[in-house]
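Just below is one structure, and these are the notes that go with it.
What follows draws every value from the coordinates through simple rules; no lab data is involved. All values reported here derive from a predicted model rather than from experimental measurement. Glycine gets a Cβ as well: all are built from the backbone with ideal geometry, and neighbour counts include every protein chain shown.
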Amino acid sequence: MKTLDRKLIRDVVHLRGQVVAIALVVACGVASFVAMRSTYNSLLMSQQSYYESYRFAEVFAQLKRAPDSIASRISEIPGVGTAEFRVVADVTLDVPGLNEPAKGRIISIPEQRRQMLNDLYLRDGRYVEPGRRDEVLVSGAFATANSLKPGSTLSAVINGKWEKLQIVGVALSPEYVYEIRSGEIFPDNRRSGVLWMSREALGPAFNMKGAFNDVALTLAPNAVEADVIQRLDDLLTSYGGLGAYNRADQVSNYFLSNEIGELQVTGTFIPGIFLAVTAFLIHLVLSRMVATQRQELGVLKAFGYGNYSIGFHYLKLAFLIVLGGVALGIGAGWYFGLKITALYMEFFRFPVLRYEPGPLVISSAVLISLGSAAIGALAAVRHAAGLPPAEAMRPEPPARFRAGFVERLGFHRLVPTSVRIILRNLERRPAKAMLSIFGIALAVSLLVVGFFLYFDTIERIIQVQFDMAQREDVSVTFHEPRPANVKYDLAHLPGVIRVESYRAAPAKLRFAHRTRRIALLGLEGTADLRRVVSKDFEPVTIPPDGLLLTSQLAEILSVRPGQIVTVEVLEGARPVRDVIVAGTVDELVGLSAYMDQRALNRLMQEGQTSSGAFLMVESSRIPDLYTQLKQTPAISSVSIPEVALASFNDTIARTINVSTVILIAFAVIIAFGMVYNGARIALSERGHELASLRVLGFTRSEIGFMLLGEQAVLTLVAIPVGFALGYGIAGLITVAIDTELIRFPLFISARSYALAFLVVAGSAFLSGYLVQWRLRHLDLVAVLKTRE
Amino acid sequence: MGDIDVHALRSVNLELYKGELVVLLGASGSGKSTLLNILGGLDVPTSGEVFYRDHNLSIDDDAELTHYRREHVGFVFQFYNLIPSLTALENVELVTDIAEDPMPADQALRLVGLGDRLHHFPAQLSGGEQQRVAIARAVAKRPEVLLCDEPTGALDYSTGKLVLEAIERVNRELGTTTVIITHNAAIADMADRVLRMRSGQIAEVRHNEKKASPRDLVW
């Protein structure tokens, strides 16, 4: 080993406290990069290969009923590759061990197993046997949530009767990687699942013998998707087609692709913060080191070491500081990647989700970290290399100070001398002060944004959706629209206190050339159980005539209140009508078009008709009600918002707890790294000055104040800056996550700010305490003898 | 390799009297700095006792020693050790802020002839001026003891003499007990008493019948 390298290692050992603080920052950056990038890669790869090997369809359409003869006409549409014609039915399920009725979607499969679109992966058990009409396969998430295995049974209302079904296998489908029902924001795998049953069994039971009500198809090479969708729609119109759509609108794929996209963004943003902080800390430490080793540099140069080798020496030092963090980060990232992938496995069902941090991710992590170290080292390395030897041998000229801005205004008499020292040190190097503030502010903003996402947003959505809008205890959907007087039948069910019926109808809204498929929801004029609530908690009255659109939907159609849209109803007589947009409402979830129920009945040219109802139920009678509802064949599905919410909270609580711990750890490490390094460097720069003051009779806490006051001021300034930064980033997120599915309200609670303050101020205090402790060891005698 | 005990000072018996000006002479390694450190409450002897009036300075009690330095001792360092971020006036005020009965900071600076440099920062002052600010800082709290460690060591001849004049004036006008340590034998002529140290012991004590004015010193 060369002697200069030996110096390098001793320098690192000497700086160990600061090296550890920086290495931790690097480790966080590398760990988040490795974990998120590799999870992103595995999700993306798994998605692609799953879709490919199990032939995930590209265009989907639901319809009322079409005879099998139409199938060949669909296959002949130019651009269609393969097509699958299925029967799909929504039923009420009675799952063993579950009080409330569950929702099932039964999908037909060929009696003899063959290759098909949206093919099934049998996770467990076997395929249905020909001729065995009561055999079903159940979806993975549903099976896991209810501990269903091959051999278990469950019951479903089929053809108006309860049928006992034998589970023979557990299957996964690319169509249901994320098992969520369309229109819902949280999955409820306990009470909602997918079942596959042979076409021969399902067809006759739902009056679909020789007919189908669901189409899935792939596109031929060079096909134009929009053309295919248009032709398919034209063909299916007379068979009650509900409008064809592509993968982007397919629910499971929508959620999965969104998640992958978000992972890509956060996997770039979070490591970016850490690497920026790393570069700044390396800059601080190396600049200080070159300053203290100025005379050594002069000697080295005098002995003939070249500028290149001196510069490279400090660059190597920067690399050495970072490398420990890189190694730790790769290990931690690998571990967290495994954990994150395991978490994803609970939400997204793939036949295999293999977690492999590839060599590319690892080597990128190393290169990016070394790159940020090199950027941080640049100024110090150039300074060291460029210093003429004769100049280097002389001590650094004394620091020049001048009266700061505040003092020139004449306020300096108001502050004690010790505070003036702090202010002037800050004002002497404004760029350094700004960057320190920015670094600490990043830690604050990271927390603010995290708490905003994990707590404030979720709480507010729950508050608006469940406490204010969906106030029913139970909602039921009928198989077929029923006359409005069904309300009175429902009112007689056990424990029902109040019933509000609703009418829902699939429709296409058209304004100019823009169209949108949507479910029109007609609510009772006096509706109190289900209300429309804006994101500002304002209940909105539904106009007696015309449409009330969510702002998001109005935007998609570019329509303003007062303008007329064309409504094509995709059910019943399929009337096409012009309807005025009476108003818009800013809702948090989904796209909706509301009408008064009577107005919707008029539009549909029908008498008073309901598609379902919202019920308020006496809580003690709920079990009786469930039993009764399970035995009511006219009801196709039952939703219980409160139970769905509880199950959602259970599911995400763990994810949120883990994320919160990681987030706090990240912020603590950044804040600690910034404050500790800042204070250590200040101690190194001003140790002599402080020791002189000790000799002059100042106590340890007095000089501690002068030393740490600077970091305290930086931290206290950084915290409101971080609040503002966090608010800004949260604002950007609300703009970015302004999806059709969900909007985030830009609301950050006082609690989030307070927690962010506590975490960052606490870690700053801790690092200050550690440095204060070093003040015990100031060499008071040395200051008498040595020039700084 | 075993550590070898080195005695910096051995059997030193010394009394300092109120108002006297003592010059402590010695080559480097003679123990004069160790003696000054002990007198200044920066260090405690491994054996033996040191008293300032009724304060026992031989007990290693940081708070007690800090209090002693704060209330009773003024220090002048070889390299001035001013706070670069404070002006001359503020450097003095820093000490007067924590003293019980200080003189006004500007008066202290006038005493050392810097009445016109009050608002200059250290980087804007010459070495001699900086050392005089340091003297003003040391005496502004009206200490009973002024300890000067090679006060002219970093200065040229004429500037050094200006600094010695300032020290002499403080001693004369305020009656501060003053100890100057130096290896410059010429300075000894301005003292009431001269102690010469060698190998950790006081080798010679001399009383000057007639003190020379710093202006008349030659080296």
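Brief remarks follow.
- Extending 7 Å from Cα along the Cβ direction at A:Arg654 and again at A:Lys316 yields two label points whose distance is 4.9 nm.
- Restricting segment B:70-178 to GluC sites (Glu not before Pro) that sit in a DSSP loop and have at most 10 other Cβ atoms within 10 Å of their own Cβ leaves B:Glu100.
- The calculated pair-distance distribution of segment B:34-178 uses every alpha carbon pair, bins of 5 angstrom beginning at 0, and gives 2, 11, 20, 22, 20, 13, 8, 4, 1, 0 percent.
- Pair B:Asp156, A:Val13: separation of 7 Å Cα→Cβ label points (nm): 4.5
- Average Cα contact separation per residue, chain A, under 8 Å, 6 or more apart, as relative contact order %: 17
- Peptide B:68-79 is shielded by partner chain Cβ atoms: per residue, an average of 4 of them sit within 10 Å of its Cβ.
- Among complete DSSP H helices in chain A, those whose alpha-carbon atoms stretch at least 30 Å along the helix's long axis and whose mean Kyte-Doolittle hydropathy reaches 1.6 are A:430-451.
- Residues of segment A:596-639 falling in the label zone of A:Arg531, defined by backbone nitrogen less than 19 Å from a point 7 Å along Cα to beta-carbon, are A:596-597, A:614-617.
- Mean separation of Cα contacts under 8 Å, 6 or more apart, over the residue count of segment B:63-159: relative contact order %: 45
- Distance in nm between pseudo-label sites at A:Arg408 and B:Phe51 (7 Å out along the Cβ direction from Cα): 5.8
- DSSP-assigned coil residues among chymotrypsin sites (Phe, Trp or Tyr not before Pro) in segment A:500-550, each with at most 16 further Cβ atoms within 10 Å: A:Phe537
- Computed over segment A:60-246, the quotient of the alpha carbon radius of gyration and 2.2 N^0.38 Å is 1.03.
- Mean sequence separation of contacting Cα pairs (under 8 Å, at least six apart), scaled by the length of segment A:60-246, corresponds to a relative contact order of 38 percent.
- The alpha-carbon of A:Lys432 sits under 30 angstrom from the alpha-carbons of these lysines, leaving out residues fewer than 8 places away in its chain: A:Lys7, A:Lys301, A:Lys316.
- Computed over segment B:28-74, the P(r) tail beyond 15 angstrom holds 38 percent of alpha carbon pairs.
- Full-extension gain in nm, A:His777 to A:Ser69, via 0.36 nm per residue minus C-alpha separation: 245.7 nm
- Near the amide H of A:Ser139, within less than 5 Å, lie the amide hydrogens of A:Ala171, A:Val194, all on another chain or at least 5 residues away, with H placed in the peptide plane.
- ³J(HN,Hα) computed for each position of segment B:185-201 - Karplus, 6.51 cos²θ - 1.76 cosθ + 1.60, integer Hz, glycine/proline x: 4, 5, 5, 3, 5, 8, 8, 6, 9, 10, 10, 10, 10, 8, 6, x, 10
- Efficiency of FRET from Cβ geometry, B:Ile59 and B:Glu15, R₀ 25 Å, rounded to 0.05: 0.80
- For chymotrypsin sites (Phe, Trp or Tyr not before Pro), the sites in segment A:298-405 that DSSP calls loop and that have at most 13 other Cβ atoms within 10 Å are A:Phe303.
- The GNM of chain B, with springs linking C-alpha atoms under 10 angstrom apart, assigns the highest mean-square fluctuation among B:Ala186, B:Ala140, B:Ala108 to B:Ala186.
- R0 of 56 Å, Cβ-Cβ distance A:Gln608-A:Ser363: FRET efficiency to nearest 0.05: 0.25
- On the basis of the beta-carbon distance and an R0 of 30 Å, A:Ala374 and A:Thr266 show a calculated FRET efficiency of 0.75.
- Amide N proximity, segment A:497-540 versus A:Ser182 label position 7 Å along Cα-to-Cβ, cut-off under 13 Å: A:505-508, A:517-520
- Between A:Val532 and A:Val540, the built amide H atoms are under 5 Å apart, and every one of these is 5 or more places off in sequence or on another chain.
- Note on the protein assembly as shown: antiparallel DSSP beta bridges, both residues inside, total approximately 70 percent of the bridges counted.
- In the frame of its principal axes, chain A has Cα extents of 102, 57, 51 Å, reported largest first.
- Based on DSSP H segments of at least four residues, each scored -39500 (n - 2.57), chain A has a per-residue ellipticity at 222 nm of -17000 deg cm²/dmol.
- For chain B, complete DSSP H runs whose alpha carbons reach 24 Å or more along their own long axis and whose mean Kyte-Doolittle score is -1.0 or higher are B:157-174.
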